[in-house]
Amino acid sequence: MTAGGFEFDRRSHSVDGWGEIMVQTNDKPVALSFKDLIIQLKNIKANSFSGNLVVKIEPSLSWTFSFRLGRVGWVSGGVDLLDCWQRHLGLAQLDIPLNKLADINNPIEKPLDSHTLASLLTDELIDRQKCANLVTGMVVECLFDIIQFSQHSGNRLFYKVIETGAGNTELNLVLPVLEIEPILTKSIQTWQEWSKLELGVYAPSLFPMIAKSSEEISKVLDGSDLYHTVLAIDGNRSIRRLAANNRQSVADFTRTLLPLFRSGFIGLLPQPKSKTAKPANPVANSDTHSPLGSRSGPPTGNSAALGNPQTKQAPLIACIDDSLLIYQSLERILSANGFRHYGVQDPLKIMPSLIRNKPDFIFLDLLMPITNGYEVCEQIRKTPSLKHIPVIILTGKDGLIDRMRSKMVGANGFLGKPVESEAVLQMIGKHLVGVSK
């Protein structure tokens with residue numbers, strides 16, 4: 001049997017309710033690679049299977065592929081499902097109202113699953129072709145990750161088949177279902193191209209983290225085309241997310257950073273730095289230098305960055321700006337004056353983050369990709385849980401028209417860039433009740 005250039009003839013066995021992808025060699029089971037998973041996918045197609053295929057890679061990664069009559073309709077799991085969903089939603093170029101976008105991108109209020117996509121289709125916010133393209137992109141990405149992580153975990157894969165039948169669920173009745181073979185072939189081709197570029201050990205789902213001081217960054221990269229790219233690396237955005245923000249293919253973006261990976265200038269974390277359990281020096285953490293990271297436990301990072309409050313009593317201030325440099329400037333000012341703070345640099349995550357964290361004060365950049373400060377401020381004022389929070393617009397421009405428009409959408413004030421400590425504290429003291437700085 002052949003698929004996407006792979007040739008195989010293997011058998012599957014069962015271990016504790018999970019199928020373990022193995023082959024019998026001299027009466028001893030030997031764990032094999034991703035190509036053996038293709039057998040199971042071919043069987044799903046041949047048997048018109050309806051249900052879920054759960055794929056697991058030791059120790060903790062898993063994906064769930066949902067099928068109807070042998071065709072795939074949805075995938076969940078992996079390293080960061082929400083980010084995968086948001087990136088492919090952006091690629092679909094949908095004109096979704098900001099309040100709806102905030103709602104569907106908030107997994108705390110509403111779980112992210114196939115019903116979320118079905119509701120977009122039912123509300124005619126996405127057509128069937130764009131819906132199919134979105135699901136195809138997500139499945140290709142997840143299969144690519146399975147290939148990569150399985151190879152770097154001893155090629156040990158497990159699967160579980162859960163039959164549900166072709167019932168009347170939203171997945172079955174609303175969403176388009178897709179042939180798995182062309183998606184599988186594309187995933188394999190993408191992996192083969194990635195490997196030919198000598199990127200095989202660098203997983204695009206991992207999170208780059210600068211392992212050098214700001215002084216070293218300036219010394220090595222000042223004047224380089226990479227300088228501003230590296231400044232945007234904060235340990236909280238994956239290689240795929242950074243590539244999308246830079247409007248580059250993942251392969252081109254990763255190749256650009258390859259010398260910095262190899263030299264140890266940039267390390268890779270297995271999950272976002274903001275999810276770390278306790279503060280530590282990222283340079284001293286060996287996971288930051290491991291291309292595929294360690295998944296035996298959470299990485300460590302600096303708790304002062306992106307959302308780990310310093311004290312429970314201090315006001316929480318959100319800093320929304322796609323520039324890491326501006327956030328770092330605000331961070332220094334706020335930390336020095338005892339405020340809790342967190343940053344949002346991804347425009348698609350602004351409203352979900354604000355709804356989830358409910359800050360006491362917001363600094364909001366005027367010019368960002370995808371959206372702008374006016375639109376975000378207007379949406380904040382329309383959201384009951386956020387509408388009374390003071391919002392200060394940040395901008396490099398200081399025109400009368402901008403100030404008037406900021407007031408019209410409900411902003412409380414206007415602050416020029418680069419930010420200065422005295423001006424920042426004056427704004428907080430003026431608009432945040434009970435604070436005098």
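Give me Trp194, Trp74 ranked fewest to most by other Cβ atoms within 10 Å of their Cβ, as a rough exposure proxy.
Trp194, Trp74
Taking a threshold of 29 Å on the Cα-Cα distance, which of the pairs Lys349/Lys382; Lys130/Lys349; Lys212/Lys430 fall above it?
As for pairs spanning more than 29 Å Cα to Cα, those are Lys212/Lys430.
For a quick check: with amide H placed at 1.01 Å from N, whose amide H comes under 5 Å from Leu432's, ignoring anything fewer than 5 positions away on the same chain?
none
Give me a comma-separated list of calculated 3J(HN,Hα) values for the range 356-364, in order, Karplus coefficients 6.51, -1.76, 1.60 applied at θ = phi - 60°, integers in Hz, x for any Gly or Pro.
With the stated coefficients, the range 356-364 comes to 6, 8, 6, x, 8, 7, 10, 9, 10 Hz.
Give Lys56/Lys219; Lys160/Lys186; Lys219/Lys358; Lys273/Lys387; Lys387/Lys417 a once-over and call out the pairs whose C-alpha atoms are over 32 Å from each other. Intermediate results must be reported in sequence, preceding the final value.
Values: Lys56/Lys219 43 Å; Lys160/Lys186 24 Å; Lys219/Lys358 39 Å; Lys273/Lys387 29 Å; Lys387/Lys417 25 Å.
Long pairs (Cα-Cα over 32 Å): Lys56/Lys219; Lys219/Lys358.
Near the amide H of Thr164, under 5 Å away, which other amide H atoms are found, from residues 5 or more places off or on another chain, if H is placed in the peptide plane?
Ser50, Gly51, Asn52
Just for the range 316-431, what percent of DSSP beta bridges are antiparallel, to the closest 5?
Counting only bridges with both partners in the range 316-431, antiparallel ones make up about 5 percent.
How large is ³J(HN,Hα) for each residue in the range 342-347, as worked out from phi by the Karplus curve 6.51 cos²θ - 1.76 cosθ + 1.60 (θ = phi - 60°), to whole Hz, x for Gly and Pro?
Once rounded to whole Hz, the list reads 8, x, 10, 10, 9, x.
Taken together, the values in this text are just the output of simple stated rules run on the coordinates, not laboratory data. Source: prediction; values computed, not measured. Methodologically, a virtual Cβ is constructed for each residue, glycine included, from the backbone with ideal geometry; neighbour enumeration extends over all protein chains shown.
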